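For reference, the structure is listed below as structure tokens.
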Amino acid sequence: MSEKVYNIIFYVRRFDPEKDSAPRQQQYTIPVEKGMTVLDGLHYIKQTQDASLGFRFSCRMGVCGSCGMMINGKPGLACNTQILDVSETALTVAPLPNFNLIRDLVPDLVPMFGVHKGIQPYIQRRDVAEKENPSMEYFQTPHQLEEFLQFTYCIKCGCCMAACPTMATDREYLGPMPLAQIYRYNVDSRDDAGDARRNIAAESHGVFNCHYAGECSAACPKGVDPARAIQLMKKDLVLRYFGLSKHGKCAHLHKKPDKSSWKPKVEAPAFTAGK
Ligand code: FES
């Protein structure tokens, strides 16, 4: 039995900086079957109705973070949003707000990546010689991993930045994504660069500008909770200011096992050819 086909209207926000003085809305009607994503719908429009429509995508599987856009007024990934989960009649598609617009559904994410780069989002160590020529392994307990694991799932799609009311009123605000990533690296027991990142988080457009609306966490398509990271950063900064922080790093080095001396617990029987 063939799937039911719905005729769904896509109201798409269009803007071409070379032709348009202001954004406009364009309407397309497309046949939709169960299983089609919003990104599939946009591809259908581009291939059959309007090749000029601009949107960004890469992985088509919710991993690269390229296809973030407003779908019926909410930030989300076009590639993992089922059209029929949103509507059986009509939906609106628009670019993510709180970013400059390049064209149609393509926001300029470069400033966000610039802020992210500025927080030094990688493990840094004081023992440079050991880092350059490792002789041992860094030991981390499951509990220490658990402290930052969920924040590693961030795909930098910008949905949290688009949802954030502070971003809407303060374009200098660092934003939920970079601030959550500061927390991610600062609580990683292998990292030694917490002080530099804390200085960034504490600056005038940092964590204390967050009013804890929680919209960033509600918008995240990967289930990350940046609002929680920001509140924990605030707590950490205040406790440190009053000299009350108990948070200490524990980046133990463990000797590398000497694998040359390893023996299996049970010796395998000797192989005899010809049997
Ligand atoms: Fe990669 Fe949607 S295309 S997340």
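Where a number appears in this text, it was derived from the coordinates with a stated rule and is not lab data. Since the model is a prediction, treat every value here as computed from it, not as a measurement. All Cβ positions, glycine included, derive from the backbone under ideal geometry; neighbour counts span all protein chains shown.
Miscellaneous remarks
- Förster radius 51 Å - calculated FRET efficiency between SER21 and GLU146, Cβ distance, rounded to 0.05: 0.50
- Computed on segment 129-214, with alpha-carbon pairs under 8 angstrom and 6+ residues apart, the relative contact order is 30 percent.
- Pairs exceeding a 29 Å alpha-carbon distance, out of LYS34/LYS117; LYS46/LYS156; LYS131/LYS235; LYS19/LYS117; LYS4/LYS156: LYS34/LYS117; LYS131/LYS235; LYS19/LYS117; LYS4/LYS156.
- Relative intensity of segment 6-107 on a log10 scale, I(q)/I(0) at q = 0.13, 0.14, 0.18, 0.24 Å⁻¹, equals -0.40, -0.47, -0.80, -1.44, per a Debye sum over C-alpha point scatterers of equal strength in the absence of solvent.
- Our estimate of slack between ALA218 and PHE139, defined as 0.36 nm per intervening residue step minus the Cα-Cα distance, is 25.1 nm.
- The length gained by stretching the chain between ILE123 and MET61 to full extension, at 0.36 nm per residue less their Cα-Cα distance, is 19.6 nm.
- Sorting LEU101, LEU149 by the number of Cβ atoms found within 10 Å of their own Cβ, with the fewest placed first, yields LEU149, LEU101.
- The chain shape via C-alpha gyration tensor axes, a/c threshold 1.5: oblate
- Pair-distance profile P(r), taking every C-alpha pair of segment 110-255, with 5 angstrom steps and integer %: 2, 10, 19, 22, 20, 13, 9, 4, 2, 0, 0
- In segment 110-186, the alpha-carbon atoms span a convex hull of 114 Å³ per residue.
- Looking at the chain alone, DSSP beta bridges between its own residues are antiparallel in about 85 percent of cases.
- Label-point gap, in nm, between TYR241 and SER52 - each point 7 angstrom along Cα→Cβ: 5.3
- Span from the segment 178-195 Cα centroid across to the segment 29-68 one, whole angstrom: 36
- Summarised in one figure, the compactness ratio Rg/Rh of segment 169-231, Cα atoms and Kirkwood Rh, is 0.97.
- 222 nm mean residue ellipticity, helices alone, for the chain (DSSP H n ≥ 4; -39,500 (n - 2.57); rounded to 500): -8000 deg cm²/dmol
- For segment 17-92, chymotrypsin sites (Phe, Trp or Tyr not before Pro) are listed when DSSP marks them as loop and at most 10 other Cβ atoms sit within 10 Å of their Cβ; the list is empty.
- Relative packing of peptides 221-229, 164-172 - highest average C-beta neighbours within 10 Å first: 221-229, 164-172
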